C-alpha cells in the first residue's frame, strides 16, 4: 500500500511544528499529530496571558513566532490534534502510526507515511520523598497546568523546590499570578548558573528577568536547600526544608507552612516510540536515555528522525532549531532540493553545548535516597514502599527491571513514567530506555477492531 | 567447594537448587543477570495439567502439580489453585476435548453449555461446553523463583544454598572426562556437578561443554490490562485451540486465547507462538489478534484497557519435551532446560528429579523420554 503522506510528525511543540513547517516548505506532504487538543507542547501550551505580559521579551517573541508558524502550517499540512499515538511500526519503507482519536469516546486511527519525525518532548522527573503523595504536592509541570487553569488564587501559599533553571519561570509565573510563593529551594548551588561562563553568556538576561520578578514579590531563592518531607492529614499543610551538603544529605531542617508544593528534578525525554521502532539510544550527560542522532537528526532507523527533548533535554529554542534541521533532512532524503544551511547546524551545536552544561550544573545527587523512609511510596500507582524495593533487592533483583518484576514499581497506570528514574537510581543504575509496546492505554475493543485512517468514518 | 553449581536463577534453576539443598547437597546458583530475569520474568505463571497429552510430559506435570501444592505453604508467590476451564466452540470440539480428558486420567468435570455460566458468568454465549480441570493453578513466577531460593537458604542454611547474580559462565572445568565446575567472569567455581538450567539459552551452555542440545526460542506476547476492582474472570480460561497450538510444529504465528485474572488486579491475555529468533520488536498484529480472541471469549473485556504488553522466549526442543538428566556425553553435567511454555508448571518436578539423580537416587519418574542425547540420531 502506498503511504498516505511523505512525512508524519508526532508532537506539536516547538520541534514538531518547526519540523513539519520546514518539511512542508521543502515540498513534502506532511501530517502533524499531537495528543493534546491544542498545539504548543509543554512549553507553549501552558503560558497564560497574564504571565506573558510580565515575562521578558524573548519569551513573548517566542510565542508570537510559534503562533505564526502554527497558523502557516495549518494552511499547508494536515493537523491531527487530540490523537494519542499508542504504537508506531515501520516495514518496507512505510511508517504506520496508530493513534486513538478523542478523549472519552476514543476511536482508533491509522496514519501511514514514508518518513517519521519524532518530537515527543519530555515530562517531569519527580523524586519520591515522604509525603509526596499528599494532595497539594505537584510537579513543576503540574503547577504550570494550575496556572493555565487559573486555579491559583491570590493568597495561596506555594513552595517551589527541586533543581534546574525551570524552577525560576515556575516560581515567577506563580508569583505573577497572585500566589504567595514562600520560597524557591534549589538543591544545587544557586550560583551554578553564574559560575559557568557559557551559561552566563547564554541566558543571563532571561535569568535576570525571573530574578527581578521574584525580587519584586520578595520571594526567597535559596541554593543547597530542598524539601525533604511534606506533611498534612488529608492535604498539604507544611513541608520540611533542609539545608543540604554537596551530596544532598540534610545538614539542618526547618518547617515552612504551605498548601501547595511545586517541585521537579529535571525532565525525562519520552522515548517509547523510538524504542518501539528500534532506534539506537545513548545516555545523556545526566544518564537519561536519549535518541542517538546524526548531524541531520537522523536516527539509526532509516526514514526516522528525532528532534527536541527526545535527543537530549535542551529547551524550546534548541528544539525548534532541531525541528528545522530534521525537516530539511527528511525532505533531502526524499529527493527534494534542500540547499545546505551550515549556520543552522552551528546554532544547534552552540545550543546543545549550553544544554549539556546546564545538565551538568544541575545534577541529581545520591543523597536524596536518604530522605526516604521504609514506608515512603516509591511507586504511587502500585503503592510500592521503599521497603518492598529493598526486599526485592535482597531476593536477588539486581537491576531496575527485576525490581519491577518482584515488587511491582512501574507496573501500574503510568507504566513507570513517574517512578522509573527513582527506581533506576535505587537499583544503582542509569535509567534504561523504556520498553513500552503500548505507549498509551487502549481499550481491548479498539485494539481488536480493524483500524481506520483519519479520513474514514 | 560446593557439590553443585546451578547455571540459571530462573524458576527451574531455583527448583533444582532448592531440592538439591534439601537432599543435603551444597549448591551455588549463578546467573549472568538478576534472579528470574529471563523467560521466568516473561511468563504467566501457568501450572497446568489440562493442556498435556497423555505421556511423559503429563506425568511430569502431575508430579509437579503435587509438589507446587507442598511448596505453596511457604506463601509469598501468589499460588492460586483456581482451576482451568477449557471451552469448546462446537460440539465436535467438545467431543474431542472430552475424549482427551478421559485419556489423560486427570481429575476433571465435563461442563455442558448451560453450565458454563456457573464457572464464568462473563463468558460469551454460544460455546458448546467445556472441561473444567480443578488441578490447574497459577503462581507469580518471578516471586516463586526468588522465594524458592530464599526459602532453601533459610531452611537448609545460607552456606548450603547460595545465589550469585551477575556472574556469567564462560566455560567448563574438567576432571578427566567429567565436568568438574565452571569458569566465570568472576573466577572459577569447582563443583562435583553442574546443572544447566539456562532455559532458552541452555543450548549455548551445552555447547560450551561440547554437547549438542537443541533449545530454540519461540516468542510469545502477553497483553496486560488495567487492574480490575472486582474479579471478572475466576479461573484460567482458554479455548481448545490452545492445546493444538502448544503441540504444533508450525513456524508461523499461532495465537489462541488464554485469559486469567491475577491477585494484583490486572488480567493477563496470552498466548502467541512464533519462531522469529530473539527478536523483541513489537508486533502490533499479534497484539490485535490476542485482543480480538480475548474479547470473543469475554465480551466485557472490550471496554477495559490494555496498559502494557511484553514478550518472552519459550525454550523449545524439536519434540516439545524438556531435557532433564545427566548427559552421558559430558558426565557431571545435568541438563534441566527446554521446558517451552511449561517451565513454571514443571519446575518443581524437574528440580526434584535432578536432585534425586545428583544424590545418586533412583528418580521417581523414568527420565528416558527427556534424555539429553536423544537428538543425536536425528543429526
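The values are calculated or read from the model by the stated rules, or taken from the named source; none is laboratory data. Note that the structure is predicted; figures quoted are calculated from it, not measured. Positions of Cβ are backbone-derived with ideal geometry, glycine not excepted, and every protein chain shown enters the neighbour counts.
Structure notes:
- Residues of the stretch B:119-178 that turn out to be touching a strand residue (DSSP E or B) at 6+ places or on another chain (Cβ under 7 Å) and assigned to a strand (DSSP E or B), as a count: 18
- Inclusion of residue A:202 among residues that are within 21 Å of residue A:365 (Cα to Cα), in contact with a helix residue (DSSP H, G or I) (Cβ under 7 Å, 6 or more places away or on another chain) and modelled with pLDDT under 85 is not warranted.
- Matching entry among A:395, A:386 (being facing chain B (nearest Cβ under 9 Å) and over 24 Å from the mean Cα position of the chain (by Cα)): A:395
- Set side by side, the residues A:449, A:432, A:439, A:388 differ, and just one is surrounded by fewer than 19 Cβ atoms within 10 Å (Cβ to Cβ) and in contact with a helix residue (DSSP H, G or I) (Cβ under 7 Å, 6 or more places away or on another chain), which is A:432.
- Any hit, the stretch B:274-282, residues being in a helix (DSSP H, G or I) and either farther than 18 Å from residue B:237 by Cα or facing chain A (nearest Cβ under 10 Å) (or both): no
- Contact annotation: no residue pair with Cβ atoms under 6 Å, 6 or more positions apart or on different chains, pairs a residue in the stretch B:159-178 that is free of Cβ contacts under 8 Å to residues at least 40 places away in the same chain and on the phi > 0 side of the Ramachandran plot with a partner that is exposed (fewer than 14 other Cβ atoms within 10 Å of the Cβ) and assigned to a strand (DSSP E or B).
- The sole residue among A:314, A:287, A:295 that is farther than 23 Å from residue A:164 by Cα and either within 14 Å of another protein chain (Cβ to nearest Cβ) or not in a strand (DSSP E or B) (or both) is A:295.
- Residue list for the stretch B:293-303, restricted to those being within 28 Å of the chain's Cα centre (by Cα) and within 7 Å of chain A (Cβ to nearest Cβ): B:294, B:295, B:301
- For the stretch B:188-232, the candidate set comprises residues that are in a strand (DSSP E or B) and farther than 17 Å from residue B:8 by Cα; within that set, the residue that is farthest from the other protein chains (Cβ to nearest Cβ) is B:218.
- Meets criteria (at pLDDT 95 or above, in the same structural domain as residue B:22 (by the TED database), part of a loop (DSSP other than H, G, I, E, B) and crowded, with 19+ Cβ neighbours inside 10 Å) for residue B:349: no
- Residue in the stretch A:401-423 that is touching a helix residue (DSSP H, G or I) at 6+ places or on another chain (Cβ under 9 Å), facing chain B (nearest Cβ under 10 Å) and under 30 Å from residue A:5 (Cβ atoms) present: yes
Conditions (1) within 25 Å of residue B:303 (Cβ to Cβ); (2) surrounded by 24 or more Cβ atoms within 10 Å (Cβ to Cβ); (3) in contact with a strand residue (DSSP E or B) (Cβ under 9 Å, 6 or more places away or on another chain), marked per residue:
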position: B:206; (1), (2), (3): no, yes, yes
position: B:210; (1), (2), (3): no, no, yes
position: B:218; (1), (2), (3): no, no, yes
position: B:230; (1), (2), (3): yes, no, no
position: B:233; (1), (2), (3): yes, yes, yes
position: B:236; (1), (2), (3): yes, yes, yes
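- Boolean, residue B:269 is within 14 Å of another protein chain (Cβ to nearest Cβ), surrounded by 22 or more Cβ atoms within 10 Å (Cβ to Cβ), in contact with a strand residue (DSSP E or B) (Cβ under 8 Å, 6 or more places away or on another chain) and not in a helix (DSSP H, G or I): yes
- If you go through the stretch B:304-328 and pick out every residue that is outside any strand (DSSP E or B), under 30 Å from residue B:12 (Cα atoms) and over 17 Å from the mean Cα position of the chain (by Cα), you end up with 2.
- Residue check, residue B:295 touching a helix residue (DSSP H, G or I) at 6+ places or on another chain (Cβ under 9 Å), part of a helix (DSSP H, G or I), outside the structural domain of residue B:176 (by the TED database) and free of Cβ contacts under 8 Å to residues at least 40 places away in the same chain: yes
- Unmet requirement for residue A:349, which otherwise passes all of (1) surrounded by fewer than 17 Cβ atoms within 10 Å (Cβ to Cβ); (2) within 14 Å of chain B (Cβ to nearest Cβ): (2)
- The set of residues in the stretch A:293-306 that are more than 15 Å from residue A:348 (Cβ to Cβ) and surrounded by fewer than 23 Cβ atoms within 10 Å (Cβ to Cβ) comprises A:300, A:301, A:302, A:303.
- Members of the stretch A:365-382 found to be at pLDDT 95 or above and within 14 Å of chain B (Cβ to nearest Cβ), listed by number: A:379
- Of the criteria (1) closer than 30 Å to residue A:130 by Cβ; (2) assigned to a loop (DSSP other than H, G, I, E, B); (3) touching a residue at least 24 places away in the same chain (Cβ under 8 Å); (4) in contact with a helix residue (DSSP H, G or I) (Cβ under 7 Å, 6 or more places away or on another chain), which one residue A:374 fails: (3)
- Qualifying positions in the stretch A:315-370 - touching a strand residue (DSSP E or B) at 6+ places or on another chain (Cβ under 9 Å) and farther than 26 Å from residue A:70 by Cβ: A:362, A:365, A:367, A:368, A:370
- Any chance residue B:181 is surrounded by fewer than 20 Cβ atoms within 10 Å (Cβ to Cβ), in contact with a strand residue (DSSP E or B) (Cβ under 6 Å, 6 or more places away or on another chain), in a strand (DSSP E or B) and in contact (Cβ under 8 Å) with a residue 12 or more places away in the chain: no
- Residue list for the stretch B:11-29, restricted to those being in contact with a strand residue (DSSP E or B) (Cβ under 9 Å, 6 or more places away or on another chain), surrounded by 24 or more Cβ atoms within 10 Å (Cβ to Cβ) and more than 10 Å from chain A (Cβ to nearest Cβ): B:12, B:13, B:15, B:16, B:17, B:18, B:20, B:21, B:27
- Residue count for the stretch A:424-457, restricted to those that are modelled with pLDDT of 95 or more and away from chain B (no Cβ under 12 Å): 3
- Filtering the stretch B:30-53 to residues that are within 10 Å of the chain's Cα centre (by Cα), within 14 Å of another protein chain (Cβ to nearest Cβ) and part of a loop (DSSP other than H, G, I, E, B) leaves B:43, B:44, B:45.
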